Structures are given as C-alpha cells and as structure tokens.
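The values are calculated or read from the model by the stated rules, or taken from the named source; none is laboratory data. Being a predicted model, the structure only gives us computed values, none of them experimental. FYI the Cβ positions are ideal-geometry reconstructions off the backbone, even for glycines, and counts take in every protein chain you see.
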Amino acid sequence: MEAFFFLLLAVVSIFSGLMVILQKSPVASVLFLVLTLVCVAALFVMLSAPFIAAIQVIIYAGAIMVLFLFVLMLLNLQRFTEGAWSRFQITGVVVAAVLAVVTALLLRAVPLPADSGFLRETPGLGSVEAVGLSLFTEYLLPFEIASFLLLAGIIGAVILSRRRP
Amino acid sequence: MDLSRFNLITIATPLVLGAGVLLVMLVDLLSGRANRRPAQLAALAVVLAAAAVCLATWNTGGVSFFGQVSGDGFASFFNLIFLAVAFLVILAGPAYLERNAIHFGEYYSLVLVSVMGMAFMAAGTNLLVIFLGLETMSLALYVLAGFNPARQSSNEASLKYLLLGSFATGFLVFGIALVYGQIGSTDLARFSAYLAGAGDPFAGYMGAGVALLLIGLTFKMAVVPFHFWSPDVYDGAPTVVSAFMSAAPKAAAFAAALRIFYAPAESLGLPWERILWILAALTMTVGNLSALNQASIKRMLAYSSVAHAGYLLLGILAGNELGAAGILFYLASYVFMNVGAFTVAWMVNRRGEGRYDLGDFAQLGFRRPLLAAMMSVFMLGLIGIPPLAGFFGKLYVFTAAVQAGYVWLVVIAVLNSAVSVFYYLRVMVIMYMRENEALKDVDRIPATFAAVAACALMVILLGLIPGSVLDVARAAVASMP
C-alpha cells in the first residue's frame, strides 16, 4: 500500500515537474509547479513529517505560487512560439539521456541501502513540537543566519528593481 | 536554560559584521541621495571594528551553539583574510563605481553581508552552518556581479553565476542530505568520527554524499571541470567586484573544505585521493594553458585564479599539517596579489568598460613608475618568485605534497608554474617595453592607489616574515576541534 502511494506520488510529481518546463504557456507551467509541490508535500506526509508538509503547501504552493501567477498576469507574457528544436535542446536531450544511463548503471553497481535506521529510533521526529524545539535550541544559529540570507536577498531585489537611470 | 551553550564570543566577528550591514544601510538612508561617502566610511569603520574584535577574540571561542560553530584560531585567521579583502575593495571601490555611475550604498552592505557569510563558512562545524554561510556569501555575490545594470555583460555575468551557482548549491544540499541520511547528523565531529571508524567509509549513501559535497565546494573554488563560469563572470562583473570575487570567496571555499575534509583526509583512502589528484592536475593545466593567449587582462587573471585553485588543492590532498597551514599562508598572500592586480587593471583601463586589453599597460613603466612597479610585484608574486609571498605559499604547499608522497603531482605543478611565467611576464614586458599607443593618461586616485600600495606591501611583507606567519597558520590549524 505504502509503496503504491509512493510510486503514484513520485510518478505524478516527476511528470508534472517535466510539464513545468515543457509547457508553452507560463500560466500552465506555474499550475503544474503547484501540482509538483503538492505531491512533494504528500511525500512529506508519508515520511511522517506533517509540519514540513503543511509548510510546503502554505508557503510554496500557496503564497509563492500566487505571487508567481500575479506577476505573470501583470507582465502579460506572450506564448513562446518556437518551432523546430534548437541546437541547445538537442544537446540537452542527449546529455540528459547519457546522464540517465550513467546514473542507472551507477545505481546497479552501488546498491543503496533502503534506510540507515536512525529515523526509526527517534519517533516524533517530524512533529511541530520536535521541529520547534530543535529550531530554537540546536539550530538557533543556522535559523538566525538564514534571516541574514533573506536580508541579502532583499537588498538584491532592491538593486535589481531600481529604475534605470 | 543553560545559556553558556550560546557563547557569543565564538561568533563575535560575524556578529559585528551583521550589525554593520544594518548600520551601513541606515547611514546610507540618512545621508541623502547623492552622497555615498558616509556609507563608505561607515563600512570601513565596521570592517575595522570587526578586525579589532577578531584580533581580541583570537582563538578564545571554542565550540558553541550546540556544536554549530567554533570560534577557534582557524576561523580568526580566515576572518582576518576576508576582512582585509573587504577593506581593500571598499577603500578602492568608489572611484570605479563613480566612473561607471553605479555608486549605490548597497555595494557596501552587500560586501559586508557576503563577508559575514564567509565568516560562518570558516567557523562552521556543522554542514548546515557552512551551507547557510555559503549561500549568504553567494547571494550577495550574484547581485554584486550584476551591479552595473546598464551593461549587458554585467547582467549576463550575474545571471550565469546565479544559474550555475544555484545548480552547484543543489549538489551541495543533496550531498548534505545523503550524509545526514547515512549518519543521522550534519555535525562535522560526527562526520569525521564516522569516516575514521567505518570499515568502508564510502558504503551506503556516504560515497555519493561526499562526492556531491566535493562538487558543490569545488564549484566555488572554480576547479576544473567546474570552472566554466569563472572567466565569464569575472570578465562581465564590475572590476571592483571581480577583485573581491576572485579573492575572498575562493578563500572561504577552501576554509570550508578544510573544515570538512582536513581531519578525515587521512582516513578517506584511495578513491578520494585519486579524484583529488586528477582534479588538481586538470585544474592547474587547464587554467594555465587557457590563460596563455587571453587578450583581456580580466580573463587572464580569471584563468590564473583557476590555476591557483589547482595549486591549493595540493595542500588539501596532502592532508598533513603543513599542507593545511600552507593553504592558509597561500591564501593570505594570494588575496592581496589578486585584489591588487584587478585594481590596477581597472585603474589603467582607458578604452571603456567593455574592453580590458593588455595593451592598456603599454609604457606604464615610464608614465606611472610606482604603479607599474606594484603591478610587477603582483605578477612576480603570482609566478612565485622569491622573496615575494607567492613563492613561500607555493613552497609550503608543494613541500607538504611531496611529504605526503605526491611527487609526480608536484612535478606537474612546477611545470605549470613555469608555463605561467610566460603570461605573467608578458604584462611586465608590455609595461616596460611596448611603444606608447597614445592613450589617455591614467587617473590619479589617492584612495585606490593607497589600496594597491597596501596590497603590494603585504605581498612583500609576507615574503619577508614567512616563518612567523606560517607559525600562526600552524597554530590556527592545530586549534581546529
């Protein structure tokens, strides 16, 4: 049962991930991205990490995607009208195919263990309480560094959006 | 709660920088539209204050914040390197920014926030902190690379750096995730204990995890084959930013690599050695050969910095104390040579931003003898001519590699250094021997000149007292937990 749902979610998320980059209309791309993110959120639920799943839906599928759609509609982008495959696309497909083969061979040669076992030793790892506790004790410093990371992003946005002289 | 676990001394330097970022933004806001001088002075003051704090808290921190950071001598040593670079580019920057009409206060806050990220990369004893530091540094650099929106090449550099950099970050995060999956922790102490204890350290997810970590870090060092971004980005970015980018982030990436791989390097064994051996040999050779026929001084310096990443990898490969201390010394001298050379490059540029031709240096030896002499110091230092600092950096790193038994790799490195003589000396030949092409005279900019002079002095000074600096570096390496 678990394996079935995992496969279903994995296939849907990879398919919609592909559709994000294959769609001609940007709005359709964004909607497929929402689908990908929701699938990933469902995968988090299966990993018994409900908090991360909720955050994923609220922030990514919710807030950020709405922002994306707004920007797209404000910009009024036109559809890409590209006919034949460009040289880059062909190169990309060839490289991707080679990489896929190499990855498959590697995975056959070096079998990865199903899990290393430490997750089962700590029940309740993904709960809100556990995340909150570790965020404000053990990971307090990384949490604060992340806020400066966002500050750098904000300064960058200010510069990039500055009106050209 | 036990507050002693949050020992602020360990993060005193990045803390001052973080506060400084906010201060500089505020000063810039209050000082009106056209006047950027207060922001620059505030940024210089912040860097000096951070350097003072760094010296005052030298090797007093110890591991803190639940093992996330270590305020040891290693972190202090690197902080001083980063702060020196920041000071120089903030001091030299305004003239360039004014010339291109891009003098905005954000330049200073971005340099400071980037240096703060580097400080966390050097101090982090947890993969998460190192990753966040790297991202903070990179995000600021992406924006700095595109600081001249009017020029297409600057935008291109920014976008290229952002896309490739994010891709490399993906590798790094994936590597961290796999390591976490294997050992259940991102703590570096646990990481090295696991590698030392395990029979086959690369069993399970660890092999893939370490390989991906290596890719993420070598991208930031611009090691072949992950170097393709660096010439384009250094060339397209505003030159003051190139000076900063070619020096400080490379040092930060090596700091992070030493933190992660220095202790376990001995226990990692054969597959690891072989990969690094090939990377080092490729990086030196490709970097030097590509630098040979570059017409643009910026591209030449970019490829030269690729080659230097190759020499530095020898120190990591050696995995002994001299190798690690040698890297510290090498980087301490390298940053001054690179910042100096890039700064002179934009000072003498008289054909506009789009063209950085080596011909700009024609007759510089007679029109501005002092500037030409300093440029010669940088070039000779980059070659590694004694008694300049560059020579001792190479000497230490190469000696360490020989001690560890990598004789053939050192032979390749020495041959490469011989190749590099050609393109570094060409700059000097042009300065002293080529006919004047009736170019405009070089502007006299006191602050920038002072920054270049400081670089040249440091290159000479580090070459005069290499032993005592190496002792400090050794102590710094030994203080790592």
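Listing for the model above:
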quantity: Qualifying helices (runs of 4 or more DSSP H) (wholly inside the range B:114-227; at least 2 residues being away from chain A (no Cβ under 13 Å) and touching a residue at least 12 places away in the same chain (Cβ under 8 Å)); calculated: B:152-183, B:188-197, B:206-221
quantity: Only one of B:Val411, B:Val429 that is out of contact with any His (no Cβ under 9 Å at 6 or more places or on another chain) and closer than 28 Å to B:Ala318 by Cα; calculated: B:Val411
quantity: Residue match in the range B:199-217 (condition: at pLDDT 90 or above and aromatic (Phe, Trp, Tyr)); calculated: no
quantity: When residues of the range A:133-165 are limited to those that are among the polar types (S, T, N, Q) and more than 7 Å from chain B (Cβ to nearest Cβ), the one farthest from B:Ala122 (Cα to Cα); calculated: A:Ser161
quantity: In the range B:77-112, residue nearest to the other protein chains (Cβ to nearest Cβ) [restricted to those that are buried (at least 24 other Cβ atoms within 10 Å of the Cβ) and of a type in the set (S, T, N, Q)]; calculated: B:Ser109
quantity: All positions within the range B:49-73 that are touching a Ser or Thr at 6+ places or on another chain (Cβ under 6 Å), away from chain A (no Cβ under 14 Å) and on the phi < 0 side of the Ramachandran plot; calculated: B:Ala50, B:Val53, B:Cys54, B:Trp58, B:Asp72, B:Gly73
quantity: Qualifying positions in the range B:399-414 - out of contact with any Ser or Thr (no Cβ under 9 Å at 6 or more places or on another chain) and in a helix (DSSP H, G or I); calculated: B:Thr399, B:Ala400, B:Ala401, B:Val402, B:Gln403, B:Val407, B:Trp408, B:Leu409, B:Val411, B:Ala413, B:Val414
quantity: So B:Val47, is it touching a Phe, Trp or Tyr at 6+ places or on another chain (Cβ under 7 Å) and within 23 Å of B:Glu353 (Cα to Cα); calculated: no
quantity: Which numbered condition A:Ser13 fails, given (1) more than 14 Å from the chain's Cα centre (by Cα); (2) of a type in the set (Gly, Ala, Ser); (3) under 29 Å from A:Gly92 (Cα atoms); calculated: (1)
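The rows are residues; the columns are (1) of a type in the set (Val, Ile, Thr); (2) at pLDDT below 85; (3) in the same structural domain as A:Leu9 (by TED's automatic domain parsing); (4) not in a helix (DSSP H, G or I).
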| residue | (1), (2), (3), (4) |
| --- | --- |
| A:Ser48 | no, yes, yes, yes |
| A:Ile59 | yes, no, yes, no |
| A:Ala84 | no, yes, no, yes |
| A:Gly92 | no, no, no, no |
